[in-house]
Amino acid sequence: MRLIALKMLFGDSAKFYGILLGLTFATLLITQQAAIFVGLMSRTYALIEETPQADLWVTDPTMQFVDDTKPMQVTALDRVRSVTGIEWASPLFKGLLVAKLPNGGRQICDVIGVDDATLIGAPAILLQGKVEDLRKTDAIFIESRGAAKQLLQPLTADKNGPKRPMQVGDELELNERRAIIAGIAETRPSFQNVPTIYTTYLRAVGFAPANRRTLSLILVKALPGQNLLELQKRIQTQTGLTAYTPAEFSWKTLDYWMTQTGIPINFGMAIVLGFLVGVAIAGQMFYNFTLDNLRYFGAMKAMGATSRQLLNMVAVQGLAAGVLGLGLGLGATALFGLMIPGDRLAFKLTWHLPIISTFAVIVIVLGASGLSMWKVIRLDPKEVFNG
Amino acid sequence: MSGEQAIFCEGIAKTYGEGEAAVKALRGIDFTANFGEIVALVGPSGCGKTTLISIFAAILSRSSGALQLAGVDPDAMTNQDRTIFRREKVGFIFQQFNLVPQISVVENVAIPLFLRGENRSEALDRAEKLLTEVGLHNRAHSRPSKLSGGQQQRVAIARSLIHEPSILVCDEPTSALDGATGQRVMELIREQGRRPDRIVVLVTHDERIYHFADRIAHMDDGLITRIVTSDVELAALQAVAFEKGKIK
Ligand SMILES: Nc1ncnc2c1ncn2[C@@H]1O[C@H](COP(=O)(O)OP(=O)(O)OP(=O)(O)O)[C@@H](O)[C@H]1O
Ligand SMILES: [Mg+2]
């Protein structure tokens, strides 16, 4: 009877495609929105992931997330360095500065200043130039996304004429000081859609206005064999600063965006909407499909179909619709993920997300087929005698 | 099964609902029928025909009275056993055919065998053979909707007989069909359905098919008022027609 049940479902093409479309669309909406959300959220701590050398990130205790730079005294670096169990500690400047472009336009940039001596924190992948080029006079690195979109060089004397992405050798001004592009980096997109500029710590402090010439973050490498937890505690008690592991700092940043902004609510609503679409289209159509076929279920019941056989038929129909709809929806989501350029739209399809949409589809299908089963079980077989 | 009565009932009553809303659909039916017979239940609308045939088909429980269907009392069984009883012993022909529209004609015929869990290809083979006997072999793989009403009812007849039931119930089998088609469908039911080990119970309004039955049970207001053999019935009908001047 399972085959008959499947043929009943597939044979009613209008309803079948409707159910399939509903489930596919719901899955797509839920998974895609969730993936964009995860992608967007993972961008908030991109800098932490881009800087794998650090075992600990030391910050002002009031700092809430990685972009929330709270100034520390310059002496903080020496105080951290004096804690035992540390291999090295490097300063990191992080701040938003306004760059003046060759055509006179202005652009806010996220400036990161890395330790002058070691260059720890400099981007790992360079499309043009070498890491040591950062030591050249007035040198900065820009990243390829910013170069392509916001940091442009006019091709002609006409400032509004055609432009190309800035290259090594091009110049811009940061706070009225000359900066020469010495390299183009490839980095993960950050949450704030502004170009990132890398330079040395001292140069970055020099670019910053006087009141913001401060230390933002300290990267710490523990000596081999150190207990990180104890080192964290030592840094905290001896310096009054807070030390996070990269995972803790990422979570703290994520937590800030999750709890202090409306972003999760927006995406949550889109996901709920996807679920409702599934219920409204697929769930209802499935139920209607059962109602349409109720007289045949009734005839089978009269002819001696057991409740178990009838429930089995509805279950097989629900399962088939669910599996196909979910599969198509996840396929469409993956295709969507492959088709959009990664730097444009944040999209991160982690293995958790299909679980969410699978769960949603299960709820929709269970609801609709449960209701259908109830109808079928309650059927009075005598009704089939009434024409 | 020989020697047993196909249907035995004494003082069968059926009341729908309770209290103020109670409807007494059957009020004491005494009736027996033997295997090999074709019996028609006739009477005005609402007199209880469908109720009675549903009890004979073991899909409805009586409120009181004694009942034996092929020697057993279906109301003494569990629900599950009653369902199995129907699956093994009862064949159904409905007014509205009730063929599953999304599957082929031959699959529809095989449903009673599928319900018993029989091997699919063997079941389909048997269904095809039976379709040959009802003259629809060439339509075996069509969808039911591609067939005329008469053809659909012939498919339903094949479906009702494929598991060789002891009791065949037909509620208004011809009322969705025109007169001539109805006659042919009834001929087929008589030809294929009548067996020495089977009782055929037929509910109908249609006087033109009375003659297919051996006996006709007239019902009124929840009671069987008289049972006559069909030759007596036909003579009476002719007399009425004669009085009205239809027959000279
Ligand atoms: N499920 C039910 N609940 C309440 N009353 C019912 C139910 N089914 C039938 N009845 C009532 O029982 C009586 C007999 O109904 P039944 O369907 O057996 O009549 P019938 O002879 O088949 O009529 P028809 O020729 O119109 O089909 C009617 O008064 C009907 O209204
Ligand atoms: Mg009736």
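The values are calculated or read from the model by the stated rules, or taken from the named source; none is laboratory data. Just so we're clear, the structure is a prediction, and the values are computed from it rather than from any experiment. Ideal geometry is used to build each Cβ from the backbone, glycine not excepted, and the neighbour counts take in all protein chains shown. Areas reflect the complete protein model, heavy atoms only, side chains present, ligands, DNA and RNA absent. Shrake-Rupley method; radii C 1.70, N 1.55, O 1.52, S 1.80 Å.
Here are the numbers for the structure shown:
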| read-out | value |
| --- | --- |
| Residue in segment A:345-368 that is within 14 Å of chain B (Cβ to nearest Cβ) and away from ligand 2 (no atom under 16 Å from the Cβ) present | no |
| Flag for A:TRP251 being touching a Phe, Trp or Tyr at 6+ places or on another chain (Cβ under 8 Å), more than 30 Å from A:GLU383 (Cα to Cα) and open to solvent by 30 Å² or more (accessible area, probe 1.4 Å) | no |
| Among the candidates B:GLU107, B:GLU118, B:GLU128, B:GLU88, residue that is among the charged types (D, E, K, R), within 12 Å of chain A (Cβ to nearest Cβ) and crowded, with 18+ Cβ neighbours inside 10 Å | B:GLU107 |
| In segment B:167-178, the residues that are more than 9 Å from chain A (Cβ to nearest Cβ) and either open to solvent by less than 10 Å² (accessible area, probe 1.4 Å) or within 14 Å of ligand 1 (Cβ to nearest atom) (or both) | B:ILE167, B:LEU168, B:CYS170, B:PRO173, B:THR174 |
| Residue match in segment B:207-217 (condition: under 22 Å from B:LEU52 (Cβ atoms), within 14 Å of another protein chain (Cβ to nearest Cβ), more than 16 Å from ligand 2 (Cβ to nearest atom) and buried (at least 23 other Cβ atoms within 10 Å of the Cβ)) | no |
| Segment A:1-19, residues that are among the polar types (S, T, N, Q) and within 8 Å of chain B (Cβ to nearest Cβ) | none |
| Qualifying residue in segment B:76-98 (condition: over 18 Å from B:THR225 (Cα atoms), of a type in the set (S, T, N, Q) and within 12 Å of ligand 1 (Cβ to nearest atom)) | yes |
| Filtered residues of segment A:311-332 (kept if in contact (Cβ under 8 Å) with a residue 24 or more places away in the chain and small (Gly, Ala, Ser)) | A:ALA315, A:GLY318, A:ALA320, A:ALA321, A:GLY322, A:GLY325, A:GLY329, A:ALA332 |
| Single unsatisfied condition, B:GLN80 versus (1) of a type outside the set (Phe, Trp, Tyr); (2) touching a helix residue (DSSP H, G or I) at 6+ places or on another chain (Cβ under 7 Å); (3) over 17 Å from B:LEU202 (Cβ atoms) | (2) |
| Meets criteria (more than 30 Å from B:ALA176 (Cβ to Cβ), open to solvent by less than 40 Å² (accessible area, probe 1.4 Å) and in contact (Cβ under 8 Å) with a residue 12 or more places away in the chain) for A:ILE356 | no |
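Residue-wise test of (1) more than 16 Å from ligand 2 (Cβ to nearest atom); (2) more than 14 Å from chain A (Cβ to nearest Cβ); (3) out of contact with any Leu (no Cβ under 6 Å at 6 or more places or on another chain); (4) of a type in the set (A, V, I, L, M, F, W, C).
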{"position": "B:GLN5", "(1), (2), (3), (4)": "yes, yes, yes, no"}
{"position": "B:GLY11", "(1), (2), (3), (4)": "yes, yes, yes, no"}
{"position": "B:LYS14", "(1), (2), (3), (4)": "no, no, no, no"}
{"position": "B:ALA25", "(1), (2), (3), (4)": "no, no, yes, yes"}
{"position": "B:GLY28", "(1), (2), (3), (4)": "yes, yes, yes, no"}
{"position": "B:ASN34", "(1), (2), (3), (4)": "yes, yes, yes, no"}
{"position": "B:ALA40", "(1), (2), (3), (4)": "no, yes, no, yes"}
{"position": "B:SER45", "(1), (2), (3), (4)": "no, no, yes, no"}
{"position": "B:THR50", "(1), (2), (3), (4)": "no, no, yes, no"}
